Amino acid sequence: MISKKINYQITKFIISAINVNQLPKDTGVEIAFIGRSNSGKSSALNSLIQKKNFARTSKTAGKTKFINLFEVKNGIRIADLPGYGYANISKKIKSNFINLINEYLQKRKCIKGIVIMMDIRNPLNIIDLQLIKWILKKNIHLLILLTKADKLSFNDQKKQLFEVYNKLSIFKNIIEVECFSIFKNIGINKLRMKLKIWFTES
Ligand SMILES: Nc1nc2c(ncn2[C@@H]2O[C@H](COP(=O)(O)OP(=O)(O)O)[C@@H](O)[C@H]2O)c(=O)[nH]1
Ligand SMILES: [Mg+2]
């Protein structure tokens, strides 16, 4: 089989949507990047596309209020979802974000896979766990990335990975977890491989 590489460099920004109705037609394949605010979602997207500031990254948690949608090529898209679970933001705004994420997950039929990003130093918060539970019930692929792995030594990365697998054993499903770092180039190829499979299988 000839395996064609996906060229992320021609990725186009489509829309920053404040509600699901603004998104384009619910066809093709969509992969969503989900995680707490500041977990590294936009950075992961930038590293795939190999452009530094394509999906805006921010040092201030909770800035991205929208679903930012990108078209990798015709009919295949990546959605950078608003972050959840940050401090310093009003309860009302917080619940608006969660509602938007819920609405997106529940309405959007073209979601084929979800990548959950969690800071390796603080993985599996309550919303992460709720999300995982929900995804496993659906026919949706899941990959978990432990981001900012460069913040830990190699040994501590492995320890944390083991710990996360241990905690996930409550789900009785096989769940894939990878360490990830944009600075040390950890896990980026794994992410590429997964996305390629999800994008190309029918
Ligand atoms: N050390 C380290 N910092 C990272 C990594 N990925 C992202 N960051 C930083 O974490 C902050 C939040 O990243 P961002 O992509 O905006 O997170 P988002 O809110 O989930 O989209 C930024 O300051 C990034 O530079 C990583 O792999 N290693
Ligand atoms: Mg972001």
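The values are calculated or read from the model by the stated rules, or taken from the named source; none is laboratory data. Computed from a predicted structure; not experimentally measured. Neighbour counts are summed over all protein chains in view; Cβ atoms, including those assigned to glycine, are modelled from backbone coordinates with ideal geometry. To get the accessible areas, we keep the full protein, side chains included, count just its heavy atoms, and leave off ligands, DNA and RNA. Shrake-Rupley method; radii C 1.70, N 1.55, O 1.52, S 1.80 Å.
Condition test on Phe154, is it farther than 30 Å from Asp26 by Cβ and more than 14 Å from ligand 1 (Cβ to nearest atom)? Don't jump to the end; show me each part of the working.
Numbers: farther than 30 Å from Asp26 by Cβ: yes; more than 14 Å from ligand 1 (Cβ to nearest atom): yes.
It is true that Phe154 is farther than 30 Å from Asp26 by Cβ and more than 14 Å from ligand 1 (Cβ to nearest atom).
Residue by residue, here is whether (1) touching a residue at least 24 places away in the same chain (Cβ under 8 Å); (2) within 26 Å of Asn125 (Cα to Cα); (3) surrounded by fewer than 17 Cβ atoms within 10 Å (Cβ to Cβ) holds:
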site: Ile10; (1), (2), (3): yes, no, yes
site: Ser16; (1), (2), (3): yes, no, yes
site: Lys25; (1), (2), (3): no, no, yes
site: Gly28; (1), (2), (3): yes, no, yes
site: Gly35; (1), (2), (3): yes, yes, no
site: Ala44; (1), (2), (3): yes, yes, no
site: Leu48; (1), (2), (3): yes, yes, no
site: Lys52; (1), (2), (3): no, no, yes
Test: residue in the stretch 129-140 that is more than 14 Å from ligand 1 (Cβ to nearest atom), farther than 18 Å from Gly35 by Cα and open to solvent by less than 30 Å² (accessible area, probe 1.4 Å):
no
Residues satisfying the stated conditions in the stretch 141-168, i.e. open to solvent by 10 Å² or more (accessible area, probe 1.4 Å) and within 16 Å of ligand 2 (Cβ to nearest atom):
Lys148
Out of the stretch 138-185, which residues are assigned to a helix (DSSP H, G or I) and touching a helix residue (DSSP H, G or I) at 6+ places or on another chain (Cβ under 8 Å)?
Ala149, Gln157, Leu168, Phe171
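How many residues are over 22 Å from Lys52 (Cα atoms) and crowded, with 18+ Cβ neighbours inside 10 Å when one looks only at the stretch 169-193?
Initial filter on the stretch 169-193 (over 22 Å from Lys52 (Cα atoms)): 169-178.
If we keep only those that are crowded, with 18+ Cβ neighbours inside 10 Å as well, we get 177-178.
Here the count works out to 2.
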